[in-house]
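This report refers to the structure that appears directly beneath it.
The values are calculated or read from the model by the stated rules, or taken from the named source; none is laboratory data. If you're wondering where the values come from, they're calculated on a predicted model, not measured in any experiment. A quick note on method: Cβ atoms are made from the backbone with ideal geometry, for glycine too, and the neighbour counts reach across all protein chains shown. What goes into the accessible areas is simple: the full protein's heavy atoms, side chains included, and nothing from ligands, DNA or RNA. Shrake-Rupley method; radii C 1.70, N 1.55, O 1.52, S 1.80 Å.
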Amino acid sequence: MSEVPETPELPGSPAPKVTSRSILDAIRKHIFPQELNGQSMKWAFVEEMRAGPSFAGYGSEDGRSIDLWVMGCWQSCWGPRAIEVKVSRTDFRRELREPAKRAAALRLSERFYFATPSGLVKASELPSEAVFIEVRPDGKAVISVPAPRRECPPPDWRFVASLARKAQRP
């Protein structure tokens, strides 16, 4: 595992406190805008999606959660996406030092995204498999760095059970 050097906050980092909620809301509005085609919604969103139903703890991929798992429901946007939201450099650096944290998200998505406030992360710091979403001070989310679509295997029953459990919650 490579060590990620300590990096000071980047100049121009956003002054107002940006929350995970505000980033998730911006992503839904600007990156995955909801449309209705007859009775069918374009995107399905699941926040805090676990890779499986287990709470086995540290080291268990099942216990890891994806901040936002998005499924394209129309043929024009078909496929799963996983989004990790980072609002601090410390959290982002921790993620880079522990790539196993995102292993389940990579396994369960065709595209993996990091989403941060503008100015928090340099594009050169991103792993090659990550799409980069920045949320600007005006609240608009934009894709700053695209990444290629990856093939992912069909979901296993542990993931399906976790999804069903999440769908049952009010």
To the nearest 20 debye, segment 59-139 has a Cα-centred charge dipole, built from +1 on Lys and Arg Cβ and -1 on Asp and Glu Cβ, of 180 debye
Just to check I understand the Karplus step: with θ = phi - 60° and J = 6.51 cos²θ - 1.76 cosθ + 1.60, what whole-Hz values come out for segment 136-153, glycine and proline as x? 6, x, 7, x, 7, 8, 9, 7, 8, 9, x, 9, x, 6, 10, 6, 10, x
In whole Hz and in residue order, list the ³J(HN,Hα) couplings for segment 157-168 that follow from phi through the Karplus curve 6.51 cos²θ - 1.76 cosθ + 1.60, θ = phi - 60°; x for Gly and Pro. 5, 4, 5, 4, 4, 5, 5, 5, 4, 5, 5, 7
If K101, K140 are ordered by their accessible area, calculated over protein heavy atoms with a 1.4 Å probe, which sequence runs from highest to lowest? K140, K101
Near K42, which lysines are there with a Cα under 27 Å away, not counting those fewer than 8 places off in the same chain? K29, K86, K140, K166
Sequence-distant or interchain residues sharing an amide H contact under 5 Å with Y113, placed H: which? A82, I83, E84, V131
When Lys and Arg each count +1 and Asp and Glu each count -1, what net charge do the other residues less than 12 Å away from P80, Cβ to Cβ, add up to? +3
List, in order, the whole-Hz ³J(HN,Hα) value for each residue of segment 99-112 obtained from phi through the Karplus relation with A = 6.51, B = -1.76, C = 1.60 and θ = phi - 60°; use x for Gly and Pro. x, 4, 4, 9, 4, 5, 4, 5, 5, 9, 8, 8, 9, 10
